[in-house]
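Chemist: This structure is in structure tokens; I'll ask about it shortly.
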Amino acid sequence: MSNEKQPIYIMPENVQRTVGRDAQRNNILAAKIIADTVKTTLGPKGMDKMLVDSVGNIIITNDGVTILEEMEIEHPAAKMMVDIAKTQENEVGDGTTTAVLLAGKLLENAEKLLDMKIHPTVIIKGYKLATVQAEKILEEIAIPVNYDRDDILRYVAMTAMTGKGAENDKEKLADIIVRAIKRVSNQANKTINLDDIKIEKSKGQAIENSELIQGLVIDKERVNIEMPTLVNSAKIALVDFALEVRGPEGETRISITSPEQLQGFMDREEKMLKEMTSKILASGANVVFCQRGIDDLAQYYLAKLGIYACRRVSKSDMEKLARATGGHIISNINELNTQELGKASIVREVSQGEDKMTYIEGCENPRAVTILIRGGTGHVIDEIERAIRDGLGDISSVLKQGKIVAGAGAIEIELSKKLREFSSTLSGREQLAVEEFARALESIPSALAENAGLDPIDIITELRARHDKGERYTGINLLSNKIENVLEAGVIEPMKTKTQALSSASEVAMMILRIDDVLAANSKQNGKINSMPNLSEDF
Ligand code: ADP
Ligand code: MG
């Protein structure tokens with residue numbers, strides 16, 4: 001035997017490993033690609049993306065989180081970036097693009113420091129300092145706003161919706177959003193349950209015909225045209241079983257050998273359905289929402305009794321109905337009694353262009369409201385829905401936290417300026433990291449300007465100069481294309497969008513910087529390696 005060294009295997013052969021600077025470079029690159037992907041959608045002049053999935057469904061959107069969720073991202077660091085967008089969406093409901101862009105920029109700037117041989121630990125420490133300081137500064141410069149300032153709230157909603165296809169009708173929609181939130185919010189303990197706001201969509205009419213309905217709207221018509229179209233003082237039964245006859249143990253095949261037997265069977269079926277409907281009547285119900293099917297014969301009996309019924313109501317609508325009307329969903333006809341019924345002052349069928357819907361108004365729980373979005377096509381309506389959800393999220397965070405900031409890049413420039421001042425009080429190399437953090441914040445106004453076809457360098461220079469003169473609310477208003485006091489122009493955002501974006505962006509940037517070793521197993525289904533090792537060759 002020779003004394004040649006034997007290779008030592010400590011990992012399976014199919015594990016792809018990248019270490020040290022390579023791992024960092026690779027991860028940072030992946031994060032930057034994600035940030036670049038959503039960058040062009042930022043702000044009122046941002047472009048839309050068209051996403052086509054494997055079966056050909058199309059989504060046209062400007063919404064950061066939607067774009068990232070629909071892209072099937074494999075790279076682990078890129079996935080972490082997608083997670084920030086999701087956290088942002090869950091915590092605030094808006095500001096997803098901002099958070100992702102910031103994270104990308106923080107990493108890009110960190111790379112410069114890495115190239116200068118500054119150790120990741122030092123960068124992380126600097127970023128941490130900067131984040132804490134930035135949050136303090138934000139608290140200081142944010143403006144408190146009262147619960148009853150609907151005018152300001154409407155501006156917040158409009159700012160959230162700018163550039164999202166809701167542009168032309170944003171005043172109307174902002175008003176709907178504010179009224180909806182006010183309806184469901186509990187001023188005393190500052191709780192707002194956005195689940196109380198139902199969003200229903202109807203194709204056919206113009207967006208401006210969208211409306212707020214004090215109650216629930218469900219996308220179902222009455223099952224039988226003999227039923228009343230309107231029921232006053234509705235007593236509502238919510239049932240999750242089918243109003244049909246099934247044989248013993250759900251067996252539906254019965255062998256029938258003689259005409260008498262058939263008649264007998266039919267009589268029995270009729271009797272059972274009659275019994276079922278009379279139990280409904282006996283409970284005092286005049287409306288039935290059924291999660292399953294309703295047999296023709298049952299429909300006929302219900303109609304004869306003057307009962308309004310809808311079938312195949314979705315589970316989530318059933319739950320909303322229960323909450324709104326105070327009724328209970330029951331699973332057995334024998335459980336049905338007066339106490340289980342929900343109440344509403346009116347249940348009626350309303351024609352919406354081609355389709356018919358059921359309105360449940362004057363519900364027992366006054367907090368139940370529905371925003372009915374109208375629009376010409378499904379794509380338009382879906383994008384309006386995303387815009388409205390952003391608006392709802394923003395207003396509820398303003399009401400919960402009570403603080404707003406000036407948008408259109410004003411807050412980022414001010415923060416950046418204050419952070420730079422802070423960095424000069426530091427010594428050591430962390431100072432450089434804080435400066436890079438401050439510079440990263442400017443990427444927001446820079447992207448806003450760039451997306452609007454303006455020169456980002458000119459804009460940033462001017463903004464910096466104006467902020468140095470003490471104009472802390474000066475931003476680049478892209479509706480007027482003017483550098484001006486954007487607070488007065490009504491470009492207003494919740495403070496929470498910014499604090500959340502900052503903290504999640506810096507968190508993920510620091511996490512990615514801490515990684516110096518990537519071990520990726522071959523994924524079983526497709527043989528692809530999870531780490532996209534050749535990324536740098538493609539770009
Ligand atoms: P995000 O997903 O981060 O919310 P958006 O595409 O909604 O991204 O863009 C939000 C950014 O657009 C914010 O920085 C906001 O201040 C800015 N913005 C909104 N309205 C205007 C405006 N009229 N002029 C300039 N910027 C605006
Ligand atoms: Mg937004």
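Residue-by-condition table, conditions (1) under 18 Å from R183 (Cα atoms); (2) surrounded by fewer than 22 Cβ atoms within 10 Å (Cβ to Cβ); (3) of a type in the set (D, E):
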position	(1), (2), (3)
G375	no, no, no
H379	no, yes, no
I395	yes, no, no
I411	no, no, no
R420	no, yes, no
V434	no, no, no
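Chemist: Looking only at the stretch 297-331, which residues are of a type in the set (A, V, I, L, M, F, W, C) and in a helix (DSSP H, G or I)?
Modeler: L297, A298, L302, A303, M318, L321, A322, A324
Chemist: Within the set of pairs 6 or more residues apart or between chains, which connect a residue that is more than 13 Å from L129 (Cβ to Cβ) inside the stretch 403-425 to a residue that is of a type in the set (S, T, N, Q) and more than 11 Å from ligand 1 (Cβ to nearest atom) with Cβ atoms less than 6 Å apart?
Modeler: From the stretch 403-425, the pairs are A410/T474.
Chemist: Give me a count of the residues in the stretch 413-433 that are of a type in the set (S, T, N, Q) and in a helix (DSSP H, G or I).
Modeler: The number of residues fulfilling the criteria is 3.
Chemist: Please identify the pairs in which a residue from the stretch 316-340 that is within 17 Å of Y359 (Cβ to Cβ) has its Cβ atom under 9 Å from the Cβ atom of a residue that is assigned to a helix (DSSP H, G or I), counting only partners at least 6 apart or on another chain.
Modeler: If the second residue must be assigned to a helix (DSSP H, G or I), the pairs left are K320/D195; K320/D196; R323/D195; R323/D196; A324/D196; G327/L321; G327/E340.
Chemist: Still on this structure, please answer the following. Among the numbered criteria (1) at pLDDT below 85; (2) on the phi < 0 side of the Ramachandran plot; (3) more than 16 Å from ligand 1 (Cβ to nearest atom), which one does G20 miss?
Modeler: Of the numbered conditions (1) at pLDDT below 85; (2) on the phi < 0 side of the Ramachandran plot; (3) more than 16 Å from ligand 1 (Cβ to nearest atom), the odd one out for G20 is (2).
Chemist: Looking only at the stretch 73-109, filter to residues that are of a type in the set (G, A, S) and within 15 Å of ligand 1 (Cβ to nearest atom); which one of those is surrounded by the fewest Cβ atoms within 10 Å (Cβ to Cβ)? Spell out how you get there, then give the answer.
Modeler: Residues of the stretch 73-109 of a type in the set (G, A, S): 77-78, 85, 93, 95, 99, 103-104.
Then drop every residue that is not within 15 Å of ligand 1 (Cβ to nearest atom), which leaves 85, 93, 95, 99, 103-104.
Values: A85: 26, G93: 24, G95: 30, A99: 33, A103: 30, G104: 28.
Residue satisfying both the conditions and the ranking: G93.
Chemist: So is K79 without any contact (Cβ under 8 Å) to a residue 40 or more places away in the chain and either outside any helix (DSSP H, G or I) or more than 16 Å from ligand 2 (Cβ to nearest atom) (or both) or not?
Modeler: Taking the combined requirement at face value, the residue satisfies it.
Chemist: Give the stretch 77-102 a look and list any residue that's in contact with a helix residue (DSSP H, G or I) (Cβ under 8 Å, 6 or more places away or on another chain) and not aliphatic (A, V, I, L, M), or say none.
Modeler: D83, K86, T87, Q88, E89, E91, G93, D94, G95, T96, T97, T98
Chemist: Further, regarding this structure: Part of a helix (DSSP H, G or I), away from ligand 1 (no atom under 11 Å from the Cβ) and modelled with pLDDT under 85, is that true of N168?
Modeler: Taking the combined requirement at face value, the residue satisfies it.
Chemist: Now for a separate question. Any residue in the stretch 83-102 that is more than 9 Å from V65 (Cβ to Cβ) and more than 14 Å from ligand 2 (Cβ to nearest atom) sitting within a Cβ distance under 6 Å of a residue that is modelled with pLDDT of 85 or more and hydroxyl-bearing (S, T, Y)? List the pairs, counting only those 6 or more apart or interchain.
Modeler: From residues that are more than 9 Å from V65 (Cβ to Cβ) and more than 14 Å from ligand 2 (Cβ to nearest atom), the pairs are I84/S504; T87/S504.
Chemist: Sticking with this one: Kindly establish whether L463 is closer than 24 Å to P44 by Cβ, more than 11 Å from ligand 1 (Cβ to nearest atom) and among the aliphatic types (A, V, I, L, M). Walk me through how you get there before you give the answer.
Modeler: Values: closer than 24 Å to P44 by Cβ: yes; more than 11 Å from ligand 1 (Cβ to nearest atom): yes; among the aliphatic types (A, V, I, L, M): yes.
When the stated conditions are applied, L463 passes them.
Chemist: Quick check on my filter: what residues within the stretch 392-412 are part of a helix (DSSP H, G or I), within 11 Å of ligand 1 (Cβ to nearest atom) and within 24 Å of the chain's Cα centre (by Cα)?
Modeler: The initial filter retains those residues of the stretch 392-412 that are part of a helix (DSSP H, G or I), namely 392-401, 410-412.
Among the residues that remain, those that are also within 11 Å of ligand 1 (Cβ to nearest atom) are: 393-394, 410-412.
Matches in the stretch 392-412: G393, D394, I411, E412.
Chemist: Can you find even one residue in the stretch 138-153 that is closer than 15 Å to G402 by Cα and assigned to a strand (DSSP E or B)? Steps first, please.
Modeler: First, pick out the residues of the stretch 138-153 that are closer than 15 Å to G402 by Cα: 138-153.
With assigned to a strand (DSSP E or B) added as a condition, the list becomes 143-144.
Checking the stretch 138-153: at least one residue is closer than 15 Å to G402 by Cα and assigned to a strand (DSSP E or B).
Chemist: Also: Taking into account only those residues within the stretch 38-67 that are part of a loop (DSSP other than H, G, I, E, B) and exposed (fewer than 15 other Cβ atoms within 10 Å of the Cβ), which is nearest to ligand 1 (Cβ to nearest atom)?
Modeler: Applying the filter and picking the extreme gives M47.
Chemist: Could you tell me which residue of the stretch 110-143 is nearest to R429 (Cα to Cα), considering only residues that are in contact with a Leu (Cβ under 9 Å, 6 or more places away or on another chain) and within 16 Å of ligand 1 (Cβ to nearest atom)?
Modeler: Checking each candidate, the answer is A134.
Chemist: Considering (1) touching a strand residue (DSSP E or B) at 6+ places or on another chain (Cβ under 7 Å); (2) loosely packed, with under 12 Cβ neighbours inside 10 Å, say which one T257 fails and leave the rest.
Modeler: It is condition (1) that T257 fails.
Chemist: Sticking with this one: Considering only the stretch 436-455, state which residues are surrounded by fewer than 20 Cβ atoms within 10 Å (Cβ to Cβ) and closer than 18 Å to E493 by Cβ.
Modeler: Result: A452, single match.
Chemist: Right, next: Checking E70 against (1) under 23 Å from I444 (Cβ atoms); (2) among the charged types (D, E, K, R); (3) modelled with pLDDT under 75; (4) away from ligand 1 (no atom under 12 Å from the Cβ), which single condition isn't satisfied?
Modeler: Unmet condition: (1).
Chemist: If you don't mind, another one. Condition first: among the small types (G, A, S), within 16 Å of ligand 2 (Cβ to nearest atom) and in a loop (DSSP other than H, G, I, E, B). Now tell me which residues in the stretch 434-481 satisfy that.
Modeler: A452
The values are calculated or read from the model by the stated rules, or taken from the named source; none is laboratory data. In this text the structure is predicted, and so the values were computed from the model without any measurement. In this analysis, Cβ positions are derived from the backbone assuming ideal geometry, glycine residues included, and neighbour counts consider all displayed protein chains.
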